[in-house]
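The values are calculated or read from the model by the stated rules, or taken from the named source; none is laboratory data. For clarity, every value in this text was computed on a predicted model and none was experimentally measured. Cβ atoms come from the backbone with ideal geometry, glycine included; neighbour counts cover every protein chain shown. Just the protein is used for accessible areas: all its heavy atoms, side chains included, with ligands, DNA and RNA removed. Shrake-Rupley method; radii C 1.70, N 1.55, O 1.52, S 1.80 Å.
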Amino acid sequence: MSQSPTLPPFDKYQYYLNSVQSPDTDAEFLMETFCELRDRDPVSMREDFCGTFSLCCEWVKLHESHVAVGVDLDEEPLEYGRKHFFEKLTDDEKERTQFIRGDVMKYDSKKFDIINALNFSYFIFKTRSELKAYFTKAYESLTPEGIFVVDVFGGSEVSDIHEEEVEFEDENFSYFWDQDTYNPVTNYAQFYIHYQRPGEPKRERVFAYDWRVWSIPELRDIMEEVGFKTSRVYWEGTDDEGEGDGEYYLTEEGEANCESWVAYIAACK
């Protein structure tokens, strides 16, 4: 694919970071949520399905006592994270950061204060038994006061086949979230992320996701079944234009008739 001579080489992971991820704010949310729920400071964090493990790198930057472990099966994003994020850490931060190529269902190590599976990564588990096995694994890998955090999305648009474009004017590109298929019998859905830069053809299917869309009640029920004592829902607020504002608040009542919403669930051991 040709590219404009005025633009830098296309870096899919950088564009993903710019359009989808907020590892710095995620790290702060995890720390603040743990402090609120446990009334002490957390130390250790494990990032499951970590990809480029940018969240791990942000976690160790927050405090000199923080340690982080990222686990992922795919060598490519791990290698990218090593070159672009890990190498930028101080020597002390590097000593407190570990990334592992492996299966989160088979990885055994010390216990963690926080385990997280973000960017809806655990949606790869399509059956209840598979998801319950993963949640059990996470529960067993936590310290006695540990918390397990996932994010989840939903809304009426989940059942709609659609493609949404978001223009990132400051970064000079467009991001496309494409829901290609949806099966209401199974809640299985196929999603893609496309990108387009000025003067270039759209880059189709840069990222692909074959998922089951899980609901908040389903997730909380399974969390309770595997042993978590409580779970809390943090709902994203909206700005003046009705879009998500990136601020999350504790609630037991989400917004009705919302086309698209995002929330965190924090489960306490």
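Values computed for the structure shown
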quantity	calculated
Restraint check, 106/269; 88/126; 88/269; 12/269, Cα-Cα greater than 32 Å	88/126; 88/269; 12/269
The range 138-208 shape via C-alpha gyration tensor axes, a/c threshold 1.5	oblate
Whole-number D in µm²/s for the range 111-170 (Stokes-Einstein; Kirkwood sum over Cα pairs; 4 °C, 1.567 mPa s)	92 µm²/s
With every protein chain in place, the chain: carbon and sulfur % of accessible area (1.4 Å)	46 percent
Shape category assigned to the range 60-203 from the gyration tensor of Cα positions, a/c cut at 1.5	oblate
Set of aspartates and glutamates with alpha-carbon distance to residue 202 below 17 Å, sequence-local pairs under 8 removed	11, 163, 164, 165, 167, 169, 171, 178, 180
Among beta bridges that DSSP assigns inside the chain, antiparallel share in %, nearest 5	70 percent
Cβ charges +1 (Lys, Arg) and -1 (Asp, Glu), total dipole of the range 38-113, debye	160 debye
Cα gyration tensor shape for the range 1-142, rounded if a/c is under 1.5, else prolate or oblate	oblate
Residues of the range 4-79: accessible area per residue with a 1.4 Å probe, Å²	43 Å²
Cα-centred dipole magnitude for the range 154-217, charges only on beta-carbon of K, R (+1) and D, E (-1), debye, nearest 20	360 debye
Within-12-Å neighbourhood charge of residue 11 [Cβ basis; K, R +1; D, E -1]	+3
Environment charge at residue 266 (Cβ cut-off 13 Å; Lys +1, Arg +1, Asp -1, Glu -1)	-1
Karplus 3J(HN,Hα) series, Hz, for the range 27-36 with 6.51 cos²θ - 1.76 cosθ + 1.60 (x for Gly, Pro)	4, 5, 4, 4, 5, 5, 5, 4, 4, 5
